[in-house]
Amino acid sequence: MLLILLLGCFLSIPLFFLWYRLFKKYIINTKRRKLLTFFATLLTIPFIYIGSIFIWLFTISYYPDYSFNKKKWSTNQETRYELSKDIIGSRMLIGKTKLEVLKILGDENNKIEENHWIYYLGTRPELFNIDPDMLKIEFIDGKVIKVSQHPT
C-alpha cells in the first residue's frame, strides 16, 4: 500500500506540472487553473496505473512466432513453442507418414506403433504458467490427421 502511495506521489508531481503548463495557455484565472490542474492530475493517475498494468501483462506474455526451422527445433527444446504455431498453422505435417514426421521433428521416444505422438515444446511465457506445452500428433492408418498444442 505504501509503495502505491509513493508511486502515486512520484507520478503526480510531474503530471501536475505538465497539466499546469498546458492549462496556463488556455485558462487565465490562476485559482481556476490550479483547481482544474489538481483534478486533471487525480483523474489521470488511475489511467496511467491501468495502462502500466496492461503493458506489463503484455510484455511478460509475449513471445515471437518463427517459421519452422529443423535446426532450431532440434537444438533448443525449451523454445520450441516459438515454432509450434507455424507447424500447426501451415499444416506441414498433415498427411505425412510416421517416418516422415520422424525425419522432420526427430525422435522423442515415441513408439512407432502408437497413434498419438507427443513432442515437448517448453514453457511459454505467460502469467501464472508453470507447465510446459506439448505438441500432440494424431495418426490414422499411419498418416497424420491432426496436430495440436496442449499444456501438460
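The values are calculated or read from the model by the stated rules, or taken from the named source; none is laboratory data. These numbers were taken from a predicted model, which means no experiment stands behind them. For neighbour counting, all protein chains shown are included, and Cβ atoms are generated from backbone atoms with ideal geometry for every residue, glycine included.
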**OP:** With the condition kept exactly as written, say whether any residue in the range 44-63 is modelled with pLDDT of 90 or more, farther than 18 Å from residue 124 by Cα, surrounded by 14 or more Cβ atoms within 10 Å (Cβ to Cβ) and among the aliphatic types (A, V, I, L, M).
**Re:** no
**OP:** Using the structure shown, decide if residue 129 is under 30 Å from residue 7 (Cα atoms) and touching a helix residue (DSSP H, G or I) at 6+ places or on another chain (Cβ under 9 Å).
**Re:** yes
Subject >> the range 1-21, residues that are in a helix (DSSP H, G or I) and surrounded by fewer than 13 Cβ atoms within 10 Å (Cβ to Cβ) >> reply: 2, 3, 4, 5, 6, 9, 10, 13, 14, 17, 21
Original post:
not assigned by TED's automatic domain parsing to the domain that holds residue 136 and not aromatic (Phe, Trp, Tyr), is that true of residue 22?
Top reply: yes
**OP:** Would you confirm whether any residue within the range 93-101 is assigned by TED's automatic domain parsing to the domain that holds residue 140, at positive phi and part of a loop (DSSP other than H, G, I, E, B)?
**Re:** yes
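Any idea which residue in the range 128-152 is farthest from residue 118 (Cα to Cα), counting only those that are assigned to a loop (DSSP other than H, G, I, E, B) and polar (S, T, N, Q)? Even if it seems obvious, please write down each step before you answer.
Filtering the range 128-152 for residues assigned to a loop (DSSP other than H, G, I, E, B) gives 128-132, 141-142, 152.
Restricting the remaining residues to those that are polar (S, T, N, Q) gives 129, 152.
Details: 129: 20, 152: 11 Å.
Step by step, filter the range 128-152, then rank; the result is 129.
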Subject >> Selection within the range 110-127 - outside any strand (DSSP E or B) and under 20 Å from residue 85 (Cα atoms) >> reply: 123, 124, 125, 126, 127
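Can you pull out the residues in the range 65-91 that are surrounded by fewer than 16 Cβ atoms within 10 Å (Cβ to Cβ) and either of a type in the set (A, V, I, L, M) or touching a helix residue (DSSP H, G or I) at 6+ places or on another chain (Cβ under 6 Å) (or both)?
Filtering the range 65-91 down to residues surrounded by fewer than 16 Cβ atoms within 10 Å (Cβ to Cβ) leaves 65-67, 69-72, 74-78, 86, 89-91.
Listed by number, the residues that qualify are 65, 66, 67.
Which residues, taken from the range 116-152, are of a type in the set (Ser, Thr, Tyr) and either exposed (fewer than 14 other Cβ atoms within 10 Å of the Cβ) or farther than 25 Å from residue 62 by Cα (or both)? Steps first, answer last, please.
Filtering the range 116-152 down to residues of a type in the set (Ser, Thr, Tyr) leaves 119-120, 123, 148, 152.
Once the filter is applied, which keeps residues that are of a type in the set (Ser, Thr, Tyr) and either exposed (fewer than 14 other Cβ atoms within 10 Å of the Cβ) or farther than 25 Å from residue 62 by Cα (or both), the range 116-152 yields 148, 152.
In this structure, does residue 140 turn out to be out of contact with any helix residue (DSSP H, G or I) (no Cβ under 7 Å at 6 or more places or on another chain), within 30 Å of residue 12 (Cβ to Cβ) and not charged (D, E, K, R)?
Values: out of contact with any helix residue (DSSP H, G or I) (no Cβ under 7 Å at 6 or more places or on another chain): yes; within 30 Å of residue 12 (Cβ to Cβ): no; not charged (D, E, K, R): yes.
No.
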